[in-house]
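For reference, the structure discussed in these notes is given below.
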Protein chains: 2
Amino acid sequence: MQACASESHDTQEQLSDKDREFMHQAYELALKGYNEGGCPIGAILVDEDGTVLGAGHNALVQEGNPIIHGEMAAMRDAGRLDSRRKTTMYTSLSPCMMCAGTIVQFKIGRVVVGDVVNSPGNVEFLREKGVTVDILNYEPCIDLVKKFREEKPELWLEDWGGA
Amino acid sequence: MQACASESHDTQEQLSDKDREFMHQAYELALKGYNEGGCPIGAILVDEDGTVLGAGHNALVQEGNPIIHGEMAAMRDAGRLDSRRKTTMYTSLSPCMMCAGTIVQFKIGRVVVGDVVNSPGNVEFLREKGVTVDILNYEPCIDLVKKFREEKPELWLEDWGGA
């Protein structure tokens, strides 16, 4: 945990106002999912010029579909693309192994993570695979998942892969 | 490639008629996808008692959705489950990094792969994470993807993550 904390501190200095703005949008998607009774994780895929290519939130409950984590919803929404190398994935929670594998397979160049507290995610895995990972530590994202985990621990477990 | 060939030979001896039957079903799903103009990869998620929990094929073309590889289609079709530890994923082609990550995240106990020739996939990654991987080397799966790659190399590239 200490390594994460120091890492995120270093990284935060490199983040722009635009990064914080997109992370806030990812948080708002997470909040929408939470208000629908679902898991509060949202994500946005953004092109190098700042165009939003895709956005979405976890839909395990809403669609009864376990593969629709936030990042996967953004991937689905963005649809078919020739290349994602110059895109950035903003995700309110550090990617699980499915989402980290997806980011690597589809060659997404950069990931900005809003929360490594509720899950350390796969930050090192992504970096080893050549993905740039910046950690924002956005308090609203962290607080929302913390609240959700306290309220619905079984749903959190199911969403994170089951027993 | 030699390591794969020897590995798959060893593994094939442990495969049952039931395994071959499910792999043939995965192949038929792959063929259905191919006949629709899509990428020919199919998968089936089966419970320990032989019940098919979910089945599907790649739907990049059909749904314009890059995350629906064969294994992901089977996961989506199976829907919400408390645990997947005792399930087996039969997949006509060795899992890409997205699908391998999904198998690990959702704690699928075993994977049977029909083709490691067109893609070596992530067999070692899966084994390191504790997943049992058996390689069937089912000729119809191998031949179908080989034909597809020759016919539509750009679609193969796009499906496998893009440029």
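The values are calculated or read from the model by the stated rules, or taken from the named source; none is laboratory data. Note that the structure is a prediction, hence the values are computed from the model and not measured. We place every Cβ from the backbone using ideal geometry, glycine too, and count neighbours over all the protein chains shown. Calculation scope for accessible area: heavy atoms of the full protein, side chains included, ligands and nucleic acids excluded. Shrake-Rupley method; radii C 1.70, N 1.55, O 1.52, S 1.80 Å.
Quick notes
- Within segment A:86-99, restricting attention to residues that are among the hydrophobic types (A, V, I, L, M, F, W, C) and in a loop (DSSP other than H, G, I, E, B), the residue that is surrounded by the fewest Cβ atoms within 10 Å (Cβ to Cβ) is A:Cys96.
- Filter result for A:Thr102 (β-branched (Val, Ile, Thr), open to solvent by less than 10 Å² (accessible area, probe 1.4 Å), at negative phi and out of contact with any strand residue (DSSP E or B) (no Cβ under 8 Å at 6 or more places or on another chain)): yes
- Any hit, segment B:113-124, residues being within 12 Å of chain A (Cβ to nearest Cβ), in a loop (DSSP other than H, G, I, E, B), more than 25 Å from A:Trp156 (Cα to Cα) and in contact (Cβ under 8 Å) with a residue 40 or more places away in the chain: yes
- Of everything in segment B:54-83 that is facing chain A (nearest Cβ under 7 Å) and crowded, with 23+ Cβ neighbours inside 10 Å, the residue that is nearest to the chain's Cα centre (by Cα) is B:Met72.
- Flag for A:Gly50 being at positive phi and either assigned to a helix (DSSP H, G or I) or not β-branched (Val, Ile, Thr) (or both): yes
- Put simply, of A:Lys107, A:Lys147 the only residue that is open to solvent by 30 Å² or more (accessible area, probe 1.4 Å), assigned to a helix (DSSP H, G or I) and either within 9 Å of chain B (Cβ to nearest Cβ) or touching a Pro at 6+ places or on another chain (Cβ under 9 Å) (or both) is A:Lys147.
- Only a single item in (1) within 19 Å of B:Leu15 (Cβ to Cβ); (2) outside any helix (DSSP H, G or I); (3) small (Gly, Ala, Ser) is not met by B:Ser83, and it is number (1).
- Conditions (1) surrounded by 24 or more Cβ atoms within 10 Å (Cβ to Cβ); (2) part of a helix (DSSP H, G or I); (3) away from every other protein chain (no Cβ under 14 Å): number failed by B:Tyr34: (1)
- Qualifying residue in segment B:122-135 (condition: modelled with pLDDT of 95 or more, surrounded by fewer than 22 Cβ atoms within 10 Å (Cβ to Cβ) and of a type in the set (Phe, Trp, Tyr)): yes
- Considering only residues in segment B:110-121 that are touching a strand residue (DSSP E or B) at 6+ places or on another chain (Cβ under 8 Å) and at pLDDT 95 or above, the one that is most open to solvent (accessible area, probe 1.4 Å) turns out to be B:Arg110.
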